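The values are calculated or read from the model by the stated rules, or taken from the named source; none is laboratory data. From a predicted model like this one, the values you see are computed outputs, not experimental measurements. With ideal geometry, Cβ positions are generated from the backbone for all residues, glycine too; neighbour counts draw on all protein chains shown. Remember, those area values only see protein heavy atoms, side chains included, never the ligands or the DNA or RNA. Shrake-Rupley method; radii C 1.70, N 1.55, O 1.52, S 1.80 Å.
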Amino acid sequence: MSEPRGGVRGLDLRWQWLILLLVIGTVVYLLAPVLMPFVVAALFAYLADPVVDRMERWMGRPLAVSLVFLVMTVVLTGIALVLVPYIERQISSFLLQLPEWIDWVQGHARPWLETRFGISPEVLDTQRLVGALQANWKQAGGLAATALAGVSKSGMAVVGWLLNLVLIPVVAFYLLRDWDVMIGHIRSLIPRSVEPVISRLARESDTVLGAFLRGQLSVMVALGVYYGVALWLVGVDVGPLIGMIAGLISFVPYLGAITGVIMGVIAAVVQFQDWAHVLLVLGVFGIGQLLEGYVLVPRLVGDKIGLHPVAVIFAVLAGGELFGFLGVLLALPVASVVMVLLRYAHARYTSSELYGTPTASGTLLVPEVAAPSPPHAPDAAPSTADRDGPGGAA
């Protein structure tokens, strides 16, 4: 009678875990707009925690956190003072050239596609796009006008945005200062029966998340700098802007390179109207793909994440559909943790009786994958490891 009670108790525990996860998911879904600054602050704290841990060997943790924040503030302020005006000039140059891009599509690209592939003219109708862009240009009138219009239309939204911007460093400071204490409290709340397994999965997830966040961010920055500088050397006026866009979206496999090639080729054709610069642009992105595939990703990211490109695209789209920008921000970190859990579930499944075929005597028969035995050879008795499997005792 003890085994049925244990089975019912185990089933009740599974239902309790499932209900807890559903409650947490519902709360996150309902509070997604409010959670944005806290999630961004937690990501900053997670990225900076290893540096603070190393500095803590020579000084107290509050002083280490203060020094890290001081350095981050100086670096981010310098980047903002240098990059923001430059990016604004690049965007202005891009908006000035955009009508020429549209004229080139209408006058050259569309007739060529119609002749070669028989594509209907309605499919490539750019008049509606031109009208929409002209309407937006008339309403915008520059970044300052857009900001003032936003304040007049929705002052509370702007106040909320500024409040979130102020909250991020404050919350990040306190999270980073008490990071180890919070992790210890969370670990102490885990039921003792599953604490070893959850701790091991947490360590594996930390390895995967560290590889993704630190490695992929480094790859994005490196590719953005390379594409921007290389296109600028080629002579493309909006090359740095195209390079930054291609680098920022390079976390989705091939999307950054494809977007950069399309924009770079159009910019080169419109600006120079020759094949030499088109080939140079293609060479820039070809070398960039070689650097990403053979140098940057193996050295900075490695093979610890193991996400298929289709899984990456699905995770980003699903996260954006369910939680908006917060979902896009968390899509790949959550997907990498899910991969760790799926590997664990796969290992448990392949070592369980459900995967094999239990006989009446309780012996687990694993499906044959090797070559058949020679004729008249006696069958070997299953060993203890075959009988119980890696998780048999569990």
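Pairs meeting the criteria (first residue in segment 256-273 and free of Cβ contacts under 8 Å to residues at least 60 places away in the same chain, second residue open to solvent by 20 Å² or more (accessible area, probe 1.4 Å), beta carbons under 6 Å, at least 6 apart or on different chains) are GLY256/ILE249; ALA257/GLN289; ALA268/HIS277. So for segment 24-39 (the condition being open to solvent by 80 Å² or more (accessible area, probe 1.4 Å), of a type outside the set (Lys, Arg), at pLDDT 85 or above and not in a helix (DSSP H, G or I)), does at least one residue qualify? Within segment 24-39 (the criterion being open to solvent by 80 Å² or more (accessible area, probe 1.4 Å), of a type outside the set (Lys, Arg), at pLDDT 85 or above and not in a helix (DSSP H, G or I)), the answer is no, since none of the residues qualifies.
Every residue, every condition in (1) open to solvent by 30 Å² or more (accessible area, probe 1.4 Å); (2) touching a helix residue (DSSP H, G or I) at 6+ places or on another chain (Cβ under 7 Å), yes or no:
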{"site": "ALA211", "(1), (2)": "no, yes"}
{"site": "ARG214", "(1), (2)": "yes, yes"}
{"site": "LEU217", "(1), (2)": "yes, no"}
{"site": "ALA222", "(1), (2)": "yes, yes"}
{"site": "ALA246", "(1), (2)": "no, yes"}
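Within segment 313-325, if we keep just the residues that are of a type in the set (A, V, I, L, M) and surrounded by fewer than 19 Cβ atoms within 10 Å (Cβ to Cβ), the residue that is nearest to ALA32 (Cα to Cα) turns out to be LEU322.
Scanning segment 14-55 for residues that are touching a residue at least 24 places away in the same chain (Cβ under 8 Å) and small (Gly, Ala, Ser) returns ALA32, ALA41, ALA42, ALA45, ALA48. LEU279 falls short on exactly one of the conditions (1) modelled with pLDDT of 85 or more; (2) within 29 Å of ALA331 (Cα to Cα), and that condition is (2).
With respect to (1) under 18 Å from the mean Cα position of the chain (by Cα); (2) surrounded by 14 or more Cβ atoms within 10 Å (Cβ to Cβ); (3) over 20 Å from PRO99 (Cα atoms), the lone exception for PRO298 is condition (2).
What do you reckon, is GLY78 of a type outside the set (Lys, Arg), open to solvent by less than 50 Å² (accessible area, probe 1.4 Å), modelled with pLDDT of 80 or more and at negative phi? So GLY78 fits the description; yes. Flag set for MET72, criterion: under 28 Å from the mean Cα position of the chain (by Cα) and more than 19 Å from ILE242 (Cα to Cα). Of the candidates VAL310, VAL252, VAL334, VAL328, the single residue that is open to solvent by 10 Å² or more (accessible area, probe 1.4 Å), of a type in the set (Val, Ile, Thr) and not in a helix (DSSP H, G or I) is VAL252. On the basis of being of a type in the set (Lys, Arg), closer than 30 Å to ILE262 by Cβ and more than 26 Å from the chain's Cα centre (by Cα), does ARG89 make the cut? Criteria met by ARG89.
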